[in-house]
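Novice: Take a look at the following structure, please.
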Amino acid sequence: MAGLELLSDQGYRVDGRRAGELRKIQARMGVFAQADGSAYIEQGNTKALAVVYGPHEIRGSRARALPDRALVNCQYSSATFSTGERKRRPHGDRKSCEMGLQLRQTFEAAVLTQLHPRSQIDIYVQVLQADGGTYAACVNAATLAVLDAGIPMRDFVCACSAGFVDGTALADLSHVEEAAGGPQLALALLPSSGQIALLEMDARLHEDQLEQVLEAATQAARDVHTLLDRVVRQHVQEASILLGD
Amino acid sequence: MAFVALSEAEKVYIVHGVQEDLRMDGRGCEDYRCVEVETDVVSNTSGSARVKLGHTDILVGVKAEMGTPKLEKPNEGYLEFFVDCSANATPEFEGRGGDDLGTEIANTLYRIFNNKSSVDLKSLCISPREHCWILYVDVLLLECGGNLFDAISIAVKAALFNTRIPRVRVLEDEEGLKDIELSDDPYDCIQLSVENVPCIVTLCKIGYRHVVDATLQEEACSLASLLVSVTSKGVVTCMRKVGKGSLDPESVFEMMETSKRVGKVLHTSLQSVLHKEESLGPKRQKVGFLG
């Protein structure tokens with residue numbers, strides 16, 4: 001069987017996007033009333049919910065409290081019906097634990113944890129539908145949720161994935177492109193300073209081409225930032241109208 | 001379940017209010033809160049629904065997978081229930097914290113579907129003893145604001161209504177080898193009849209009276225509640241007492257009557273909403289969590 005053509009000669013991808021083009025992003029902040037902060041994001045067919053509780057007192061063992069900063073606690077879970085084939089467990093498997101750790105690293109780099117010593121911030125993300133780029137969607141949703149909770153951050157954290165096919169870097173991979181098995185790069189960026197909060201690359205890629213892929217991912221993350229910024233501004237505007245002058 | 005702290009005075013306020021048939025949000029004792037139902041929200045499932053009842057937020061996804069029928073029922077398919085109490089609802093559900101509640105709800109769902117009339121399981125059979133459809137009904141609890149069971153049963157019913165199972169044909173060649181052929185047309189599918197799928201009506205005993213669709217605050221005031229599953233014709237299929245208090249037999253019968261009355265109205269309005277949504281077809285603007 002001939003392999004699936006991920007990038008046509010005319011430069012179009014399987015779903016009709018250009019190489020550096022993102023999927024449609026729609027987001028909403030303040031989805032739930034009971035949580036301190038919550039957000040929902042759709043990136044193409046990937047849908048994720050994020051909820052933030054805190055900063056609050058350390059739950060469970062006091063020994064976990066950090067004397068100089070807040071503990072960031074993340075849990076990633078993915079609905080059993082989110083993937084093409086049904087999953088047995090929503091969380092607790094290896095992939096979910098790894099995702100949780102990565103999210104924790106990402107947000108420890110962005111949240112101003114030293115402002116809340118000896119306390120805890122919970123970030124829970126839930127993937128409702130997975131169609132590639134789940135890590136990126138989770139980070140973007142979690143950023144909006146942390147902002148909704150009013151927890152001070154250095155900057156937005158904007159994430160995007162990128163891949164490499166036939167000498168061209170592709171931004172924001174879909175499930176089909178991820179499943180093809182080429183190199184994949186996940187990047188979380190603090191856009192205003194250009195600092196990288198998390199960088200991970202799977203599979204083999206020549207060193208010379210890394211820069212090109214990284215550049216594509218960075219540009220895509222900046223595009224995500226523009227969109228998220230618009231969502232936040234709109235949310236704040238709506239909230240301030242509701243509050244009245 | 002989400003914790004709510006109430007003082008004695010607040011409790012007295014709620015209990016006295018209920019006795020006067022007036023609740024905190026202005027409802028009467030037999031009124032539901034406004035229920036929002038939307039189907040087909042997760043596109044990679046066979047059927048899905050989201051239900052929002054006050055602050056309670058439920059997402060149900062149904063996936064149809066092929067499997068072998070159970071030995072004792074060789075010509076029937078079956079339903080599998082799983083309830084995930086996600087940490088989104090409350091931090092107490094983090095890790096394995098929500099497993100107990102999840103199992104309890106899943107077992108209740110098994111019980112209310114454990115009769116021949118609720119779903120036509122024979123239609124899920126492809127070839128007896130060999131292949132059948134298994135419907136995995138996965139419930140995701142996103143936020144709990146009281147009355148979980150009712151909201152979940154409404155969501156399950158809506159998701160089953162929305163479920164489309166691809167039509168398959170069994171072809172047999174001369175040597176007796178069977179081959180399963182899937183229809184080429186993606187719209188050629190079977191739809192389950194949800195006419196007899198029951199809904200749960202939970203009645204909370206507060207003081208001398210009982211209320212329908214209790215909020216978290218009202219649940220905190222109630223010692224015991226009765227969970228009754230009712231079909232659209234008003235037939236009771238399952239009943240369970242939950243909570244740490246006790247109920248006297250007279251009030252149980254009283255509560256059953258109420259649940260039949262309330263359940264019928266609930267079914268009628270749910271059916272009309274579901275049919276209205278279906279009639280809009282693919283042109284319907286999906287709201288999901290963005291609205």
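The values are calculated or read from the model by the stated rules, or taken from the named source; none is laboratory data. What you see is a predicted model, and the numbers here were worked out from it, not measured in a lab. Backbone-built Cβ (ideal geometry, glycine too); neighbour counts: all protein chains shown. Ligands, DNA and RNA are excluded from the accessible area calculation, which covers all protein heavy atoms including side chains. Shrake-Rupley method; radii C 1.70, N 1.55, O 1.52, S 1.80 Å.
Novice: Out of A:D122, A:D131, report the one residue that is open to solvent by 20 Å² or more (accessible area, probe 1.4 Å), among the charged types (D, E, K, R) and over 13 Å from A:A197 (Cβ atoms).
Specialist: The match here is A:D131.
Results for (1) closer than 22 Å to A:C138 by Cα; (2) away from chain B (no Cβ under 12 Å); (3) among the β-branched types (V, I, T); (4) out of contact with any His (no Cβ under 6 Å at 6 or more places or on another chain), shown as yes or no for each residue.
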position	(1), (2), (3), (4)
A:G20	yes, yes, no, yes
A:S38	yes, no, no, yes
A:A48	yes, no, no, yes
A:P67	no, yes, no, yes
A:T83	yes, no, yes, yes
A:K87	yes, no, no, yes
A:T106	yes, yes, yes, yes
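Novice: How many residues, within the range B:142-164, are away from every other protein chain (no Cβ under 14 Å) and either touching a Gly at 6+ places or on another chain (Cβ under 7 Å) or farther than 22 Å from B:L270 by Cα (or both)?
Specialist: Looking only at that region, the number is 1.
Novice: Another question, if that's okay. Against the conditions (1) within 27 Å of A:G182 (Cβ to Cβ); (2) surrounded by 21 or more Cβ atoms within 10 Å (Cβ to Cβ); (3) within 13 Å of chain B (Cβ to nearest Cβ); (4) in contact with a Phe, Trp or Tyr (Cβ under 7 Å, 6 or more places away or on another chain), where does A:S96 fall short? Just the number, please.
Specialist: A:S96 satisfies all of (1) within 27 Å of A:G182 (Cβ to Cβ); (2) surrounded by 21 or more Cβ atoms within 10 Å (Cβ to Cβ); (3) within 13 Å of chain B (Cβ to nearest Cβ); (4) in contact with a Phe, Trp or Tyr (Cβ under 7 Å, 6 or more places away or on another chain) except (2).
Novice: Related question: Kindly provide the set of residues from the range B:108-149 that are outside any helix (DSSP H, G or I), within 12 Å of the chain's Cα centre (by Cα) and on the phi < 0 side of the Ramachandran plot, ordered by number.
Specialist: Those that are outside any helix (DSSP H, G or I), within 12 Å of the chain's Cα centre (by Cα) and on the phi < 0 side of the Ramachandran plot: B:F113, B:V137, B:D138, B:V139, B:L140, B:L141.
Novice: Check every one of the strands (runs of 3 or more DSSP E) wholly within the range B:176-291 and list those with 3 or more residues that are open to solvent by 60 Å² or more (accessible area, probe 1.4 Å).
Specialist: Answer list for the range B:176-291: B:178-182.
Novice: Which residue, of B:D84, B:D99, B:D57, B:D40, is in contact (Cβ under 8 Å) with a residue 12 or more places away in the chain, closer than 30 Å to A:D131 by Cα and exposed (fewer than 15 other Cβ atoms within 10 Å of the Cβ)?
Specialist: B:D99
Novice: If you don't mind, there's one more thing I want to ask. Any idea which of (1) within 14 Å of chain A (Cβ to nearest Cβ); (2) open to solvent by 20 Å² or more (accessible area, probe 1.4 Å) is the one B:L71 doesn't satisfy?
Specialist: Exception for B:L71: condition (1).
Novice: Quickly run through the range A:126-151 and pick out the residues that are in a loop (DSSP other than H, G, I, E, B) and within 14 Å of chain B (Cβ to nearest Cβ).
Specialist: Hits for the range A:126-151 are A:A130, A:D131, A:G132.
Novice: Limited to the range B:240-252, what total is found for residues that are of a type outside the set (D, E, K, R) and over 17 Å from B:S222 (Cβ atoms)?
Specialist: 1
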